[in-house]
Amino acid sequence: MKFVKAICLSASVAGLLIGSSMEAWGRGSPGGGPASCLIAKTSGTRAVHGTLAIEITSGVGTVGQQDADVTVRLESGGVQQFFRVHVVDQFAGLSNEEIVCRIFDDVANPDVQGFVQEIRSALGLASGTHFYITSKSITSAEAFDADLSIPGTDHASSMADVTLYVK
């Protein structure tokens, strides 16, 4: 009887560990900690919906710096607008949420300052406005890993629908 209980306990712990690991993979690469722009409540914010596409153009499958072309389609007031930026960052090991945070954080990431200011201007936002996400902001995300590289190139791409909150 003790042997059966020990096996059941071991299986439960293994399931918990494997499940947590699989959940992290489903949200992007494992690790990276909590997203830097994650908020729990959206009161006092304005929601902006869109789609984000990222193409890694160098360093696919590496843990070092990677070049990425980012295209964002945002809709505000019934009008769709497109924005594009080139970012150099270490994307490997980051969750999808943290990747989005880095792309829209012009304070921590100088590569995106002009990009973020262009979005602020197009949406009629003040220059000090920041972008945030919730745990449910990213939907329909494609898995992002080196196995999804574009045939005949050293590029990989992914896209997702995203809801950004501004305040």
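The values are calculated or read from the model by the stated rules, or taken from the named source; none is laboratory data. Since this is a predicted model, take the numbers as computed values, not measurements. Every residue, glycine among them, receives a Cβ derived from its backbone with ideal geometry; neighbour counts consider all protein chains shown.
What the table below lists for this structure:
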quantity: Members of region 104-121 found to be in contact with a helix residue (DSSP H, G or I) (Cβ under 8 Å, 6 or more places away or on another chain) and without any contact (Cβ under 8 Å) to a residue 12 or more places away in the chain, listed by number; calculated: 106
quantity: Failed item in (1) more than 15 Å from the chain's Cα centre (by Cα); (2) closer than 15 Å to residue 87 by Cα, with residue 61 passing the rest; calculated: (2)
quantity: One residue from 48, 79, 63 being β-branched (Val, Ile, Thr) and touching a residue at least 60 places away in the same chain (Cβ under 8 Å); calculated: 48
quantity: Count of region 58-80 residues which are out of contact with any helix residue (DSSP H, G or I) (no Cβ under 8 Å at 6 or more places or on another chain), surrounded by fewer than 16 Cβ atoms within 10 Å (Cβ to Cβ) and of a type outside the set (D, E, K, R); calculated: 10
quantity: Residue 99 being farther than 20 Å from residue 66 by Cα and assigned to a helix (DSSP H, G or I); calculated: no
quantity: Pairs with Cβ under 7 Å, 6+ apart, first in region 86-103 and over 18 Å from residue 137 (Cβ atoms), second small (Gly, Ala, Ser) and in a loop (DSSP other than H, G, I, E, B); calculated: 90/64; 92/29; 93/29; 93/31; 93/32
quantity: Complete set of residues in region 116-160 that are closer than 19 Å to residue 36 by Cβ, of a type in the set (A, V, I, L, M, F, W, C) and at pLDDT 80 or above; calculated: 116, 119, 131, 133, 138, 141, 160
quantity: Single residue of region 81-108 satisfying the filter (within 18 Å of residue 55 (Cβ to Cβ) and among the polar types (S, T, N, Q)) that is surrounded by the fewest Cβ atoms within 10 Å (Cβ to Cβ); calculated: 90
quantity: Yes/no for residue 95 being in contact with a strand residue (DSSP E or B) (Cβ under 7 Å, 6 or more places away or on another chain) and either more than 13 Å from residue 56 (Cα to Cα) or among the acidic types (Asp, Glu) (or both); calculated: yes
